[in-house]
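Sending over a structure as structure tokens; questions will come in a sec.
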Amino acid sequence: MALPQAFLQELKNRIYEINRETARFYYSYLMSEGGKWALDYLKGRGLTEATIKRFGLGAAPDSWDSLLKYLKSKGFSIADMVQANVISQSSRGTYFDRFRNRVMFPIFNLRGNCIAFSGRARPDDDKAQ
């Protein structure tokens with residue numbers, strides 16, 4: 001049985017909202033003291049702050065639940081965060097941030113909606129996989 005179109009549109013809109021807030025969170029962290037390592041890395045690769053801001057680049061903190069707590073404070077449900085694929089569930093049933101300790105690149109569709117994220121491991125992180 002197919003899901004109603006209105007339900008699917010509402011889900012898509014919630015995912016766009018979650019991704020938008022997630023991108024803001026990552027950008028904010030990049031510009032904080034904790035994200036200095038990522039900002040230095042991006043600048044070392046020749047990117048200007050104007051370019052970083054224009055493309056909404058960011059950084060994910062080395063934390064298991066900082067994004068989860070942030071999105072929860074914005075009123076998003078864990079189920080919707082999982083649907084947006086920014087939060088994962090462990091085999092023990094606990095939830096955690098999908099990205100940790102990464103330089104983050106939001107991916108936008110032609111309409112300007114953030115639809116996904118890509119991350120690059122911290123350059124000095126030997127245990128990153």
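Counting only heavy atoms of the protein chains, get the accessible area per residue of the chain (1.4 Å probe) and round it to a whole Å² value. All intermediate terms of the calculation are to be shown ahead of the outcome.
Working: 8140 Å² over 129 residues.
That works out to 63 Å² per residue.
Turning to a different aspect of this structure: May I ask you to list the residues of segment 88-117 whose amide nitrogen lies under 20 Å from a point 7 Å from Cα along the Cα→beta-carbon direction of K74?
Of the residues in segment 88-117, 88-89, 95-117 have backbone N under 20 Å from the label point off K74.
Only Cα pairs under 8 Å and at least 6 apart count here; give the relative contact order of the chain as a rounded whole percent.
Values: 168 pairs, mean separation 32.9, N = 129.
For the chain, the relative contact order is 26 percent.
I need the trypsin sites (Lys or Arg not before Pro) found in segment 42-129, filtered to DSSP loop residues with at most 13 other beta carbons within 10 Å of theirs.
Values: sites: K43, R45, K53, R54, K69, K72, K74, R92, R98, R100, R102, R111, R120, K127; in loops: R45, K74, R92, R98, R100, R111, K127.
Those satisfying the criteria are R45, K74, R92, R111, K127.
Taking N as the number of residues in the chain, what is its Cα Rg relative to 2.2 N^0.38 Å?
1.11
Over the chain, with a Gaussian network built from C-alpha contacts below 10 Å, which listed residue (S32, S66, S90) shows the highest mean-square fluctuation?
The residue that fluctuates most here is S90.
Amide H to amide H, which residues 5 or more places from A59 or on other chains are under 5 Å from it, using H placed in the peptide plane?
Y27, Y29, L30, M104
GNM on the chain, C-alpha springs below 10 Å: top fluctuator among N19, N109, N85?
Looking only at N19, N109, N85, the biggest GNM fluctuation is shown by N109.
What percent of all Cα-Cα pairs in segment 25-66 falls into each 5 Å bin, going from 0 up to the bin containing the maximum distance?
Spelled out bin by bin, segment 25-66 gives 6, 26, 35, 21, 8, 4, 0 percent.
Let me ask something else about it. Heavy atoms only, probe 1.4 Å: what % of the accessible area of segment 54-124 goes to carbon and sulfur, would you let me know? List each step's numbers first, then the result.
Working: 2030 of 4170 Å².
That share works out to 49 percent.
Build a GNM of the chain with springs between Cα atoms under 10 Å: which of A79, A38, A23 gets the top mean-square fluctuation?
A79
The values are calculated or read from the model by the stated rules, or taken from the named source; none is laboratory data. In this text, all values refer to a predicted model and were calculated from it rather than measured experimentally. Note that we place each Cβ from the backbone using ideal geometry, even for glycine, and neighbour counts take in every protein chain shown. Keep in mind that these areas ignore ligands, DNA and RNA; they rest on the heavy atoms of the full protein, side chains included. Shrake-Rupley method; radii C 1.70, N 1.55, O 1.52, S 1.80 Å.
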